[in-house]
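What follows is a short report on a single structure.
The values are calculated or read from the model by the stated rules, or taken from the named source; none is laboratory data. Bear in mind that the values here come from a model prediction, so they are computed numbers and not experimental data. Cβ: placed from backbone, ideal geometry, glycine included. Neighbour counts: every protein chain shown.
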Amino acid sequence: MALQFMHKYELSSTLALYIIRGSVLDFASMNGAIVNAANEGCLGGGGVDGAITIAGGPKLAKDRKKLKLIKRGIRCLTGDAVITGPDEYGKIQTPYVIHAVGPNYWEQPDSEAAHELLRRAYQASLQLADDHGLTEIAFPLLSAGVFRASIPLSVILKNAVVGISEWRKDGSTSLEKVILYAFTPEECDELRMVCEDLLGKGNFDTQNTLSEPADLPDPMDTN
């Protein structure tokens, strides 16, 4: 596959945000985690969740079932995240999978409250990665598919970037890289514009060649 350009934005002296065109399942790191766009049950769903469920195989399914029930059928509240690992999860190329629950905007009459939940889902994921001493974390775009309802994609992505950039502003974290994967060209273009508006002009990093994007369903089926 042709070389993929990664846009890099400095968040602090030790932490950088990267945006990449592709699938979060492309990400590989021995000291990192991928984030799953989960639902509150955390046992599987469609879109990104379905692809990660298949890629993770029986071990991931078993560990997800072990996650503590908060109440009947709920293992993670919207706006929060839980972690599974470390283990070898089938075709997943990281030892940890973080399951983050972004808001379903169809079910949120107050969009500002939903935006806050979205920012918190990103920050909860970052905190779990930091708690486990990880250096890298890779996200899909939470709540950016059908779950965004009529909310413009740019607004969803702005809240994602704000959530990430406002976490640990002092830079005291084990994390060095936060990667946002944009699955479609539209998502990639919108994300670049949002990042440049909020973080300034990024730099090209051409030292990375990515594998072919994983076989994910249509992104409009994701949350």
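A compact table of results
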| quantity | calculated |
| --- | --- |
| Subset of segment 68-107 that is among the small types (Gly, Ala, Ser) and either part of a loop (DSSP other than H, G, I, E, B) or without any contact (Cβ under 8 Å) to a residue 60 or more places away in the chain (or both) - its residue that is surrounded by the most Cβ atoms within 10 Å (Cβ to Cβ) | Gly102 |
| Of residues in segment 148-163 being assigned to a loop (DSSP other than H, G, I, E, B) and not small (Gly, Ala, Ser), the one surrounded by the most Cβ atoms within 10 Å (Cβ to Cβ) | Ile151 |
| Residue check for Leu118: without any contact (Cβ under 8 Å) to a residue 60 or more places away in the chain and buried (at least 24 other Cβ atoms within 10 Å of the Cβ) | yes |
| Long-range neighbours under 7 Å by Cβ, at least six apart or interchain, first residue within 17 Å of Lys169 (Cβ to Cβ) and at pLDDT 95 or above within segment 124-135, second surrounded by fewer than 24 Cβ atoms within 10 Å (Cβ to Cβ) and aromatic (Phe, Trp, Tyr) | Leu126/Trp167 |
| Of all residues making up segment 39-55, the number that are among the aliphatic types (A, V, I, L, M) and without any contact (Cβ under 8 Å) to a residue 40 or more places away in the chain | 2 |
| Test: Ala16 is surrounded by fewer than 16 Cβ atoms within 10 Å (Cβ to Cβ), hydrophobic (A, V, I, L, M, F, W, C) and in contact with a strand residue (DSSP E or B) (Cβ under 8 Å, 6 or more places away or on another chain) | no |
| Verdict on Leu210 being in a loop (DSSP other than H, G, I, E, B), at pLDDT 50 or above, surrounded by 13 or more Cβ atoms within 10 Å (Cβ to Cβ) and in contact with a strand residue (DSSP E or B) (Cβ under 9 Å, 6 or more places away or on another chain) | no |
| Scan of segment 168-181 for residues that are under 26 Å from Glu112 (Cβ atoms) and either hydroxyl-bearing (Ser, Thr, Tyr) or at pLDDT below 95 (or both), ordered by number | Arg168, Lys169 |
| Leading residue by the ranking (nearest to Asp170 (Cα to Cα)) among those in segment 100-123 that are in contact with a strand residue (DSSP E or B) (Cβ under 9 Å, 6 or more places away or on another chain) and among the aliphatic types (A, V, I, L, M) | Ala121 |
| Selection status of Val82, of a type in the set (Val, Ile, Thr), closer than 24 Å to Glu136 by Cα and in contact with a Leu (Cβ under 7 Å, 6 or more places away or on another chain) | yes |
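Every residue, every condition in (1) assigned to a loop (DSSP other than H, G, I, E, B); (2) buried (at least 19 other Cβ atoms within 10 Å of the Cβ); (3) in contact with a Leu (Cβ under 8 Å, 6 or more places away or on another chain), yes or no:
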residue	(1), (2), (3)
Leu25	no, yes, yes
Cys42	yes, yes, yes
Gly50	no, no, no
Ile54	no, no, no
Gly57	no, no, no
Arg64	no, yes, yes
